[in-house]
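I have a structure I would like to understand better, so I am pasting it below and will then ask my questions one at a time.
The values are calculated or read from the model by the stated rules, or taken from the named source; none is laboratory data. These numbers were taken from a predicted model, which means no experiment stands behind them. No Cβ is skipped: glycine too gets one built from the backbone with ideal geometry, and neighbour counts run over all protein chains shown. Ligands, DNA and RNA are stripped out before the accessible areas are found, and what is left, the full protein with its side chains, is counted by its heavy atoms. Shrake-Rupley method; radii C 1.70, N 1.55, O 1.52, S 1.80 Å.
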Amino acid sequence: NADIILGVESHKKQADVKSMFRQRGWKVACNDPEPTASVSTHSTGHGGEFVASKKHLDIKPVEDVILDAVSKATAAPLRFAASYFQCRGITLVLVSLYLWHSEGLSDKNAILINQLNTLRIMLNLPLICFGDFNMRPSVLEDSGWLQTLDMRLFAPAVDSTLKNSGTALIDFVLISRSIQDIFLSLLLDISVHWFPHYGLMLQLVAEPLKLV
């Protein structure tokens, strides 16, 4: 019964993702997958991130000119989708981020984390980032990136976020330190139909303005 869904690995072109959510009465900001050697009519390869929401919420996509500037500044295709969320007098930025699999903090993944930081600097707004980081929380915590991002890491209290592994805690949430007190809980959602990841269900306080 979520009002907002942040996802990665749709493997679908933007037109298909938008059509899928619009048929359900939702709006969506999405990012095309990165082309691979195998290209089909409806799938263009690696990734495909999105931020989808019910229409009654005050959410709108981050402008293309900003996204293009982030891509240009980091000299790499984007691996995130982002939307503004107006919530009781505060503007937040919701981000869905996807890092490369089995690489840890490789140069490629460092570039993608730097894309998140570049977005943060350009917008000068607090962020909530859901990610398939493809690494354990401790790897990111020990890297120094959280200090650079000025964000705090929140992970579910489980051993794994994958259905096919008991030791793969690779999905978690980053929240800007300026708004970290809006966090209430982050739970595993085992009801989702997709594979291999479980969902994450984030709960925030109802009136964030009182905490800033």
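Cα-Cα over 21 Å: which of K13/K163; K18/K55; K13/K60; K55/K163?
K13/K163; K55/K163
Suppose we take every Cα in segment 1-124 and form the convex hull; what volume per residue is that in Å³?
On the way: hull volume 14.9 nm³, N = 124.
Here the figure is 121 Å³ per residue.
How far apart, in nanometres, would the label points at Q180 and S165 be if each is projected 7 angstrom from Cα along the Cα-to-Cβ direction?
Computed distance between label sites Q180 and S165 equals 2.7 nm.
Aspartates and glutamates within cross-link reach of K72: Cα-Cα under 14 Å, excluding same-chain residues under 8 positions apart?
D64
Order 5-11, 128-134, 17-23 from most to least packed using the mean count of other Cβ atoms within 10 Å.
Final packing ranking: 128-134, 5-11, 17-23.
OK, next. Suppose R0 equals 25 Å; then what is the FRET efficiency for D150 and L57 from their Cβ-Cβ distance, rounded to the nearest 0.05?
0.45
Further question on the same structure: Please give me, ordered by residue number, the chymotrypsin sites (Phe, Trp or Tyr not before Pro) of segment 147-198 that lie in loop per DSSP and have at most 13 other Cβ atoms within 10 Å. Mind dumping the intermediate values first?
Details: sites: F154, F172, F183, W194, Y198; in loops: W194, Y198.
Listed in order of number, the matching sites are W194.
While we're on this one: Using 5 Å bins from zero, what percent of all Cα-Cα pairs in segment 123-207 falls into each bin?
Taking every Cα pair in segment 123-207, the percentages come to 3, 14, 25, 24, 18, 11, 5, 1.
Turning to a different aspect of this structure: So what is the relative contact order for the chain, in percent, with contacts set as C-alpha pairs under 8 Å and at least six apart?
About 14 percent, as a whole number.
Aspartates and glutamates within cross-link reach of K12: Cα-Cα under 12 Å, excluding same-chain residues under 8 positions apart?
By straight Cα distance, K12 reaches D32, E34, E49.
While we're on this one: Would you mind telling me the share, in percent, of accessible area of the chain contributed by carbon and sulfur at probe 1.4 angstrom?
52
Something else now. Using only the Cα atoms of the chain, construct the convex hull and provide its projected area averaged over every direction, in square nanometres to one decimal.
Numbers: hull surface 46.6 nm².
So the Cα hull casts an average projection of 11.7 nm².
Could you check the spin-label model distance between R24 and R136? Points 7 Å from the Cα along Cα→Cβ, value in nm.
Using points 7 Å along Cα→Cβ, the separation is 3.3 nm.
Let me ask something else. At 20 Å minimum axial length over the Cα atoms and a Kyte-Doolittle cut of -1.0, report the qualifying DSSP H helices in the chain, or say none.
Membrane-span-like by this criterion, though nothing is claimed about a membrane: 107-123.
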